[in-house]
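Comments concern the structure below.
Nothing in this text is a laboratory measurement; each read-out follows from the coordinates by a stated rule. As the structure is a computational prediction, the values presented were derived from the model and not from experiment. No Cβ is skipped: glycine too gets one built from the backbone with ideal geometry, and neighbour counts run over all protein chains shown.
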Amino acid sequence: MDSQKVDMYILTNGKYFESQHIGQVRDRLLALDESKWAMIQTLQLKDPQTALIISIFLGTYGIDRFFIGDTGMGVGKLLTCGGLGIWAIIDWFQIQGATRQKNFEKIQPFLY
Amino acid sequence: MRQSGKRIYLLLGGLALAGHAWLLYYLVWGGPEESSLLACPTRRLTGIPCPACGTTRSAAALSQGQFELALWTNPLGYLALAFMLAIPIWIAYDFFSKSESLKNAYQQAEAKLKRPEFAWPFALLLLANWIWNIFKLL
C-alpha cells in the first residue's frame, strides 16, 4: 500500500495501539493489498481514553470491560461488586493498555 | 497480553481462590452486617446496594445449610458457590488430563454472551435482581 496513506493512518490511529505494536502495524499495512484499505479504514477501534473514563465511573459494574469486548471479565467484575472494589481500582491502571491490546487483536485478521 | 490459555486459568483460579478466602474471612471474623456492607464500594459510597450485594451473605448461608435464606438474600450466592467449587476441580481435571476444556468453555461462553439473544436475558435478569436488592435493602 502507498506509504503516504499508511503514515496518515498511523498518525490518526496511533493512539489506539501500544507503541511497541505500531511498527508492526505499519509494516503489515505497507505490505497489504490496496483492496483491503477500505476495510482497514472503516474498522471500529475503541478509544483508550473513553475506556478510562468508563472505568473510573462504572468500573465497579464491569462496564469498561464490556465496552472493550472483554465480556468474561466484565461479568466477573459485575458479579463481585468490582472484585470488592479492588479489581475495579486495578483496572483504572490496566484498562488503557487492555483497550490498545484489544484493538491490536481486532486489526490482526485484516493484516494477515 | 493476548487472552491466552494461561491468563484465563489464572483469572478463573484466582477468582475462585479469592472467593474462598473472602468467604472464610467472613465466616470466621466477619460480623453479620458491618463487614459485608463495607465490602461493596457502591454500597459504602451511595448506600444503594449493587447488583451483586448479598452474594457473600447468601454463600455463607448456603455453606451453613440455610438454602431458603440464601435464595431470599441473593440467588447469585448459589452461582458464586457453584463457581467456587467447580472451578478448582475443573482446573485440576484440565491439569491432569492435559486438556484445555475450561479455556474453550470460557471462550465459547464469552462469545455467546456477546450475542443479543443471550446478552439481553442476562442483563434483564441481573437488572431484576438489582431492583429486588434495592427493595430488600441488602
With the cut-off at 1.5 for a/c, could you classify region B:20-138 from its C-alpha gyration tensor as rounded, prolate or oblate? oblate
Using only atoms on other chains, find how many Cβ atoms lie within 10 Å of each Cβ of peptide B:102-115 and report the average. 2
Quick one: Karplus J couplings for region B:55-64, per residue in order, coefficients 6.51, -1.76, 1.60, θ = phi - 60°, nearest Hz, x for Gly and Pro? 4, 4, 4, 5, 5, 5, 4, 4, 5, 9
Is any residue of region A:83-112 close enough, with backbone N under 12 Å, to a label point placed 7 angstrom from the Cα of A:Gln20 along the Cα-Cβ axis, and if so, which? none
So which cysteines of the protein assembly as shown have no other cysteine's Cβ under 4.7 Å from theirs? B:Cys50, B:Cys53
Report ³J(HN,Hα) in whole Hz for each residue of region A:30-35, in order, from the Karplus equation J = 6.51 cos²θ - 1.76 cosθ + 1.60 where θ = phi - 60°; Gly and Pro get x. 4, 7, 7, 6, 4, 5
Step through the table entries A:Lys5/B:Lys114; A:Lys15/A:Lys102; A:Lys102/B:Lys6; A:Lys77/A:Lys102; A:Lys46/B:Lys103; A:Lys15/B:Lys112, compare each Cα-Cα distance with 23 Å, and write down the pairs that go over it. A:Lys5/B:Lys114; A:Lys46/B:Lys103; A:Lys15/B:Lys112
Tell me the angle of helix B:5-28 to the major Cα principal axis of chain B, expressed in degrees between 0 and 90 and rounded to the nearest ten. 30 degrees
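Just in region B:64-138: which trypsin sites (Lys or Arg not before Pro) are loop by DSSP and have at most 13 other Cβ atoms within 10 Å? Intermediate results must be reported in sequence, preceding the final value.
Numbers: sites: B:Lys98, B:Lys103, B:Lys112, B:Lys114, B:Lys136; in loops: B:Lys98, B:Lys114.
Taking region B:64-138 and a limit of 13 other Cβ atoms within 10 Å, the loop trypsin sites (Lys or Arg not before Pro) found are B:Lys98, B:Lys114.
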What helix-only [θ] at 222 nm does the protein assembly as shown give? Using -39500 (n - 2.57) per DSSP H run of at least 4, over all residues, to the nearest 500, the answer is -24000 deg cm²/dmol
By how many nm would the segment from B:Leu45 to B:Leu113 grow when fully extended, if each residue of separation counts as 0.36 nm and the alpha-carbon distance is taken off? 21.5 nm
Relative contact order of chain A, pairs being alpha-carbon contacts under 8 Å that are 6 or more residues apart, as %: 31 percent
If one takes the longest principal axis of the Cα atoms in chain A, at what angle in degrees, from 0 to 90 and to the nearest 10, does the Cα axis of helix A:3-13 lie? 10 degrees
